[in-house]
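Novice: Input: one structure, supplied below.
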Amino acid sequence: MSVALIELSPETPVPLAAAAPPPPYRYRRLGLALAALLVLVLGGAAPASSALWWRLGAVPLPAGGDFGVTADRIYTTDLEADPRVVTAWQTDPVRRLWSIKTTAGEDDPLVVRELPGGLVTVAEGDGVSVRDSRTGAVRWVSPAPVQPLNDRIGVIQQQRFRPGTEYDPESGDPGRLYGTNGGALHTEPALSTELRGVELAGGRQIWSVTVPGSVFTAWPDPPVSGLVLLSARKLTLLSPATGAVLRERAVPRVDGRDPAMGEVVEDMVLVQFGDFREGGPVIAYELNTLDERWRQNRSDPAGNSAICSGLTCAVGHDDLTVLDPRTGTSRWRVAGADVFSLGTDSALQVEDGSIPLRAVSLDTGRTQVELAGWREFSQVNGGDGYVLRRPDKGRSTAFGLLRPGRAAVQPLGRIPGPVLNCTSVPGVVACPTLDHVEVWAYRG
C-alpha cells in the first residue's frame with residue numbers, strides 16, 4: 001500500500017500553525033524524541049531462545065543518540081559529537097561495519113535511509129551523500145534527498161524560492177510558512193519546482209521536469225506505474241524512466257480554492273481543497289486513468305487530532321469515518337481512537353496514540369481480534385503486521401505478532417526489563433535502552 005501526503009500550490013503553505021512557535025524540529029536537542037529523525041525505507045541476561053524468538057546481540061547507543069533498523073543493519077547516530085557521527089552495524093551476527101562523520105548542522109534533521117542496490121543516504125546539510133551500505137564509501141552526492149522510484153532510478157526534488165524569504169526561527173514571527181524537502185522554511189511559496197530523474201548507482205541525470213510553484217509527488221506501488229505529480233492546476237503521471245507525460249488532466253478550482261493537499265491510498269489520489277485539517281472539498285481521482293471517481297465536502301474537524309494511517313478517512317468533530325476509497329461512501333465510524341491499515345481487509349484501532357485496542361474488519365469495523373492487555377505497538381516497516389508489547393512477569397516485556405487475517409496474536413517471547421520505542425522490520429525487533437540497542441530476531 002502506497003500512502004503519501006500532498007503539499008502543493010503556489011498559494012498554499014505547508015500545514016504549520018500560523019501563529020504557533022517555530023516548528024518542532026528546531027528543538028531536537030531537548031530530548032531523544034526530538035533529538036533527531038532517523039528514517040529508513042523501509043526501530044541483563046536474556047531468557048532462553050525459542051524457535052520463534054532469539055537474541056542477536058546489542059549495539060552501543062551514544063548518549064542522546066538515535067537509531068534505525070533494517071532486516072540486516074542497525075544505524076546509530078551520535079548527535080552530541082562534533083561533527084555528528086553515523087555508524088552502521090550488521091545485525092546477524094552483530095558487528096560494526098563502518099562509521100562516518102557528517103556535515104549536518106546542530107539544528108538539521110539527521111536522516112539515514114537505505115536505497116535499492118546496496119546503497120544508503122546520509123543527510124549532509126540540505127543534501128545527502130549516497131554511500132555503499134557495506135563500507136560507507138561515498139558513491140555520489142546529491143543537493144537534495146533522493147526518493148527511489150524503482151530499483152534503478154530515483155528522483156530529486158528541489159524548490160526555488162525568491163531570495164530573502166527564508167524564515168528566521170529565532171524570531172518566532174507569526175505567519176504562514178512554506179517548507180522544502182531539505183528542511184528550510186520560507187515566508188513565501190516556491191516560485192518553481194524541479195524534478196530530476198537520476199541513476200541511483202552513480203547519480204547520472206536521466207531526465208528533468210520543471211513546473212511553476214510547489215508540487216506534490218508520490219510513487220504508488222504496481223500495478224500503477226509512474227510518478228504522480230500534482231500542481232496547482234494539473235494532475236500528471238510521469239514515466240520514471242524518461243520523465244515523459246504518460247497521462248495528464250486539469251484540476252479545477254473548487255469553491256474558489258486551488259488544490260492544497262491530500263494523499264495517495266492504493267490506486268486513488270485524494271485532492272483536498274483548503275487548509276490543513278480544516279475540512280473542505282475533496283476530489284478522488286483514479287491513478288490508472290486520472291478519471292474523477294467521487295467528490296465530497298468534508299466538515300471542519302474542529303481540532304479533532306484523530307489519526308488515519310494508510311486508509312481513506314474523514315475526520316469529524318467527535319469521530320472518524322473510514323471510507324471506501326473507490327466510492328467515497330462511509331464504511332464505519334469510531335470515536336476516541338486512531339486507525340491504521342492492517343493488510344488489505346483489516347484495520348488496527350489504537351487508543352491514546354500508542355495502546356492497541358483491537359483488529360477490526362475494514363469493511364464493517366467489526367472486531368476480529370481483541371488486544372486487551374497489550375500496551376504498545378510498532379508497525380513492521382516494509383512488511384504487513386504489527387509487533388505488540390506488554391509488561392510481563394517481573395520486570396520483563398512480552399512480545400507478540402499481529403498479522404493480517406490471523407484470529408489471534410502470535411506470542412513471540414520476552415526481553416528482560418521494560419522497554420519503549422522499539423522498532424520492527426520483517427524478522428527483527430530493536431529496542432533502545434540507556435546505552436545500547438537490544439536486537440532480537442523473530443519468526444512468524
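The values are calculated or read from the model by the stated rules, or taken from the named source; none is laboratory data. All values derive from a computational prediction rather than experimental measurement. We work out accessible area using only protein heavy atoms, side chains counted, and drop any ligands, DNA or RNA first. Shrake-Rupley method; radii C 1.70, N 1.55, O 1.52, S 1.80 Å.
Novice: Taking amide H positions as placed 1.01 Å from N in the peptide plane, with prolines and chain starts having none, which residues 5 or more places from R257, or on another chain, fall under 5 Å of its amide H?
Specialist: Here nothing satisfies the definition.
Novice: With the other protein chains left in place, how much accessible area per residue, in square angstrom, belongs to region 132-252 at a 1.4 angstrom probe?
Specialist: Dividing the accessible area of region 132-252 by its residue count gives 46 Å².
Novice: So how compact is region 362-444: Cα radius of gyration and Dmax in angstrom?
Specialist: 13.1, 45
Novice: Then there is this: How many times 2.2 N^0.38 Å is the alpha carbon radius of gyration of region 52-191?
Specialist: 1.21
Novice: Put one equal scatterer on each alpha carbon of region 272-312, apply the Debye formula with no solvent term, and list log10 I(q)/I(0) at q = 0.21, 0.31 1/Å to two decimals.
Specialist: Here the Debye-derived log intensity ratios amount to -0.79, -1.10.
Novice: At what distance in angstrom do the alpha carbon centres of region 403-434 and region 354-397 lie from each other?
Specialist: Answer, in whole Å: 10.
Novice: Given a 1.4 Å probe and every protein chain left where it sits, what share in percent of the accessible area of region 122-169 is carbon and sulfur?
Specialist: Ligands and nucleic acids excluded, carbon and sulfur reach 47 percent.
Novice: So if I restrict to the alpha-carbon atoms in region 301-434, what is the Rg, and what is Dmax, the biggest pairwise distance, in Å?
Specialist: 15.4, 50
Novice: Looking at region 88-163, what % of the alpha carbon pairs are farther apart than 21 Å?
Specialist: I get 32 percent for the Cα pairs in region 88-163 exceeding 21 Å.
Novice: Also, I was wondering about something else. Quick check on region 184-324: what does the Kirkwood estimate of hydrodynamic radius come out to from the alpha carbon pairs, in Å?
Specialist: Evaluated over region 184-324, this radius sits at 16.5 Å.
Novice: Can I ask one more? Give me P(r) over region 62-107, computed from all C-alpha to C-alpha distances, binned every 10 Å, as integer percentages.
Specialist: Distribution as computed: 29, 50, 19, 1 percent.
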